[in-house]
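Below: one structure, written as structure tokens.
The values are calculated or read from the model by the stated rules, or taken from the named source; none is laboratory data. In this text, all values refer to a predicted model and were calculated from it rather than measured experimentally. Reconstructed Cβ throughout: ideal geometry from the backbone, glycine too, with neighbour counts over all protein chains shown. Protein only, heavy atoms only, side chains kept; ligands, DNA and RNA dropped before computing areas. Shrake-Rupley method; radii C 1.70, N 1.55, O 1.52, S 1.80 Å.
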Amino acid sequence: MATELEELVGFLSSPSPPVKKAAVEIVRDLTGSEDGLLSLSMYASTVLPSLSQLLKEKKEVSEPAAEALINLSLNSNLATKMVEMGMIKTAMDVLYKPDSSITRLLVMLLVNLTQLDSGIVSLLQIEDEKMQGLFVMKLVRSFGRSSDETRDDPFDHVGSILVNISKKEAGRKMLLDSKRGLLKQILRQFDSTSPLRKKGVSGTLRNCCFEAENQLQNFLLISEFLWPALLLPVAGKKIYSEQDTSKMPLELGSALSIEREPWDDPEIRVEALESIYLIIVQEAGLRTFWSVNGPRILQLGYEDEEDPKVMEAYERVGSLLVHGSGTEEPSSETSK
């Protein structure tokens, strides 16, 4: 005889819309507790495909289905099962349907699934030579297009997906491929008013900088976006003199010659400094850094800095500028 939970899970596939709606709402509520998650995980082989199908329905059903999947995906075993059953493709297909009404939730689901190596491989479409990179290109384009003027931008969390995929070499190489031009599009978002976007851009760039030894040219090709993204967060609060700004490219000099919003997040400042370190440890990177008056910016930024961890990161970069070579690289652990 079927248990109550088995019956409930069966109702997710009911032909009756009211029954289906009631069932998915109960399942969504169950996923909000440890006990509920544990109980539902015993029926994962039925629950997950049923919820996946419901993502394609109207908002009153697809929204609780997406919320349930987000909660279930916090369990790494269930997240692995979702990736295996093609959940990333399903989420991307629904996300880019013209009438999609659960964009933010689907993006959050992708954030959770790309915590897994298998999820990253699935999103990069590594195993499909013809389609490889298509999902990432779509997400980057949406990240670049959507306006952070709206308080509730559904693509804000794409920054977290980019941080996740850039933890893997294959992801970094895709983002740094100059033919695709993805990193340039991402860097355009560095001065967004959304803290979530700023964090996403900063973490992604920092992870990509671990490829600086082999891909330095691809970084320097986008210098006009790279140096503002790296140097403005660590430039301090002062308005720079004309003597200083005259030795900088226009995009840096003009930003530093006026009053500007401070970069309050110390983690972003640390990541910017670690990225600078990874670039200037390469000789050509160091030369370019001098050519944009980078050392002067760090000198003035350090004078304003009060956070001990950030000061330490300034000093590590400073040791390269003084000695011309460094002894201690930033941790090779990519951004969380």
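Along its principal axes, the chain has C-alpha extents of 80, 38, 36 angstrom, given from the largest down. The sum of -39500 (n - 2.57) across all DSSP H runs of n ≥ 4, divided by the residue count of the chain, sets its helix-only mean residue ellipticity at 222 nm to -19000 deg cm²/dmol.
Starting from the Cα coordinates of the stretch 76-127, work out the convex hull volume and express it per residue in Å³. Don't skip to the answer; put the middle values down first.
Numbers: hull volume 3.6 nm³, N = 52.
Each residue corresponds to 70 Å³ of Cα convex hull volume.
Rg ratio for the stretch 229-319: its Cα radius of gyration over 2.2 N^0.38 Å, N being its residue count, equals 1.00. Computed about its Cα centre, the charge dipole of the chain is approximately 1100 debye, with only Lys, Arg, Asp and Glu carrying charge at their Cβ. At what distance in angstrom do the alpha carbon centres of the stretch 11-28 and the stretch 284-322 lie from each other? For the stretch 11-28 versus the stretch 284-322, the Cα centre distance is 58 Å. Accessible surface of the chain, 1.4 Å probe: 50 percent of it comes from carbon and sulfur atoms.
Using a probe of 1.4 Å, the accessible surface attributed to TRP290 totals some 140 Å² when neighbouring protein chains are kept in position. Under the classification rounded if a/c is under 1.5, otherwise prolate if a/b is larger than b/c and oblate if not, where does the stretch 56-179 fall, given a ≥ b ≥ c as square roots of the Cα gyration tensor eigenvalues? Oblate, because a/c is 1.5 or more while a/b does not exceed b/c. What does the C-alpha gyration tensor say about the overall shape of the stretch 108-265? Classify as rounded when a/c is under 1.5, otherwise prolate if a/b is larger than b/c, or oblate. It is prolate, given that a/c is not under 1.5 and a/b is the larger ratio. Toward the positive end of the charge dipole of the stretch 160-251, about the Cα centre and with charges on Cβ (Lys, Arg +1; Asp, Glu -1), which of THR193, GLN217, LEU231 goes farthest? Of the options given, the answer is THR193. Shape class for the stretch 23-129, computed from the alpha carbon gyration tensor (a ≥ b ≥ c): oblate, with a/c not under 1.5 and a/b at or below b/c. Provide the net charge surrounding LEU256, with neighbours chosen by a C-beta distance below 12 Å and charges set as Lys +1, Arg +1, Asp -1, Glu -1. Cβ neighbours under 12 Å give a net charge of +1. For the stretch 1-115, the per residue solvent-accessible surface stands at 50 Å², with DNA, RNA and ligands left out and a 1.4 Å probe. Put the Cα centre of the stretch 200-256 next to the Cα centre of the stretch 37-94 and the gap is 41 Å. About its Cα centre, the dipole of the stretch 177-248 is roughly 320 debye, where the only charges are +1 on Lys and Arg Cβ and -1 on Asp and Glu Cβ.
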